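Below is one structure, written out as structure tokens, with a few remarks after it.
The values are calculated or read from the model by the stated rules, or taken from the named source; none is laboratory data. Because the structure is predicted, anything quoted here is derived from the model rather than measured. Here the Cβ positions follow ideal geometry from the backbone for every residue, glycine too, while neighbour counts run over all protein chains shown.
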Amino acid sequence: MLTDEQIFDVLDGIATTEMQQQHKHLLANSTEYKTYFQEIQALHLDLENLPIEQPSAQFTENILAQIQFEHHVVKKKSWSSQLTYIFFGVMASVLLAMIVFAFVYIFSTNTTIDAPANHWFATTNIFLTDTFVKIAIIANLIALLVIFDKKVLNPYFSHRKIRLS
Amino acid sequence: MNDNQKDITLLNRIRTGDKLAYKELINRHKDYAFTVAYRILNSREDAEEIAQDAFMQVFGALNSFNGEAKFTTWFYRIVFNAALMQKRKKRIFAADIETSSEAFLVSHSSDSTESLRKHERQKAIQQALQNLSADDTMMLTLFYLKEQSLEEIAEITQISAETAKVKIHRARKRLAEEMKRKLKEEVRSLL
């Protein structure tokens with residue numbers, strides 16, 4: 001008696017000559033084997049004849065439509081990915097312009113400012129201490145970072161997250 | 001020009017922006033992609049979604065396909081992985097056997113007895129396939145559907161050809177057992 005694996009090899013056409021001869025012999029002489037072989041053969045033929053399923057009629061069109069959408073997304077992505085560079089570019093240009101302007105202004109002018117003797121200035125001078133200036137600078141820096149996070153980093157990374165998901 | 005060469009030609013045309021080539025490629029493989037996904041997922045909607053996603057992935061990863069393997073091998077691996085992931089995600093269960101059998105008998109009442117019997121057997125096999133693991137179903141589908149070689153199946157499922165052969169054999173055995181179990185259940189319900 002051949003094993004199941006050997007019977008499937010016979011059906012798949014990959015059995016050795018010896019195996020095929022044994023199969024033929026068993027088929028001719030053993031009713032039990034013949035019945036069992038026919039059972040497996042029926043399954044094999046059924047599997048071979050399984051129908052090919054067909055998707056909906058709009059299958060191809062749906063994909064092509066999505067590809068157009070993808071192009072749109074890509075276009076949007078390329079703009080937003082440059083947002084950071086645009087921001088840094090503008091900031092660097094402004095900084096450079098200010099430095100140039102400051103140098104030109106310092107070397108070309110000589111200005112003396114006389115503070116008027118006003119009691120109002122005496123009140124404001126209380127706040128113009130070294131500590132106050134440092135705190136103000138830190139507060140400004142934090143505000144700048146918050147704005148940068150909200151306007152640049154957050155939109156950039158949320159878009160990136162959508163694209164990856 | 002053989003099938004794979006045709007696919008490669010189409011892929012090259014797609015790379016140059018030829019949309020018609022992409023359409024042709026989809027039409028060439030959509031039925032098989034859908035069938036593979038459907039056999040694993042047992043849901044037409046999910047299978048269609050997975051097959052569509054697979055084609056989208058092909059479009060997105062055109063440059064990563066170097067043409068060393070057959071296009072279908074690469075493509076079916078995408079379909080197989082996507083369907084497997086979807087199956088794990090959604091845990092789809094097989095449809096009720098009795099309902100579908102009744103629906104079939106109603107819709108095919110005019111068929112001859114022989115074609116009815118054949119159709120019933122096919123239906124039973126499809127249902128038995130749905131009760132097998134996704135791995136077993138995939139093995140049998142690839143082996144019988146497009147007559148992929150053991151080497152190709154091995155490449156798609158990322159195992160060795162020898163393991164693929166053993167797996168196919170085991171899957172067939174499990175299918176036969178599942179069919180017998182179903183038959184026994186039907187006989188028991190008749191008695």
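Can you tell which of B:D46, B:D3 is buried (at least 18 other Cβ atoms within 10 Å of the Cβ) and either more than 10 Å from chain A (Cβ to nearest Cβ) or touching a residue at least 24 places away in the same chain (Cβ under 8 Å) (or both)?
Exactly one of B:D46, B:D3 is buried (at least 18 other Cβ atoms within 10 Å of the Cβ) and either more than 10 Å from chain A (Cβ to nearest Cβ) or touching a residue at least 24 places away in the same chain (Cβ under 8 Å) (or both), namely B:D46.
In segment B:150-169, how many residues are within 19 Å of B:T35 (Cβ to Cβ) and either over 15 Å from the mean Cα position of the chain (by Cα) or more than 12 Å from every other protein chain (Cβ to nearest Cβ) (or both)?
4
Within segment A:30-38, identify whether any single residue is away from chain B (no Cβ under 14 Å), hydroxyl-bearing (S, T, Y) and either in a loop (DSSP other than H, G, I, E, B) or touching a Phe, Trp or Tyr at 6+ places or on another chain (Cβ under 8 Å) (or both), and answer yes or no.
Yes, segment A:30-38 has at least one match.
Working only within segment B:62-83, note down all residues that are at pLDDT below 85 and surrounded by fewer than 19 Cβ atoms within 10 Å (Cβ to Cβ).
If the condition is that a residue be at pLDDT below 85 and surrounded by fewer than 19 Cβ atoms within 10 Å (Cβ to Cβ), then B:L62, B:N63, B:S64, B:F65, B:N66, B:G67, B:E68, B:A69 are the ones that fit.
Applying the selection to segment B:6-43, what residues are within 10 Å of chain A (Cβ to nearest Cβ), among the small types (G, A, S) and under 21 Å from B:F65 (Cα atoms)?
B:A33
Regarding segment B:10-31, can at least one residue be identified that is of a type in the set (S, T, N, Q), crowded, with 17+ Cβ neighbours inside 10 Å and at pLDDT 80 or above?
No.
Kindly indicate the residue of segment B:146-165 that is modelled with pLDDT of 85 or more and outside any helix (DSSP H, G or I) and also farthest from A:D12 (Cα to Cα) among those meeting that condition.
Residue satisfying both the conditions and the ranking: B:I159.
Give A:Q22, A:Q58, A:Q68 a once-over and let me know the one that is surrounded by 14 or more Cβ atoms within 10 Å (Cβ to Cβ) and either modelled with pLDDT under 90 or not charged (D, E, K, R) (or both).
One residue alone meets the criteria, A:Q22.
Starting from residues that are touching a residue at least 12 places away in the same chain (Cβ under 8 Å) and in a loop (DSSP other than H, G, I, E, B), keep the ones in segment A:1-20 and report whichever is farthest from the other protein chains (Cβ to nearest Cβ).
The residue in question is A:M1.
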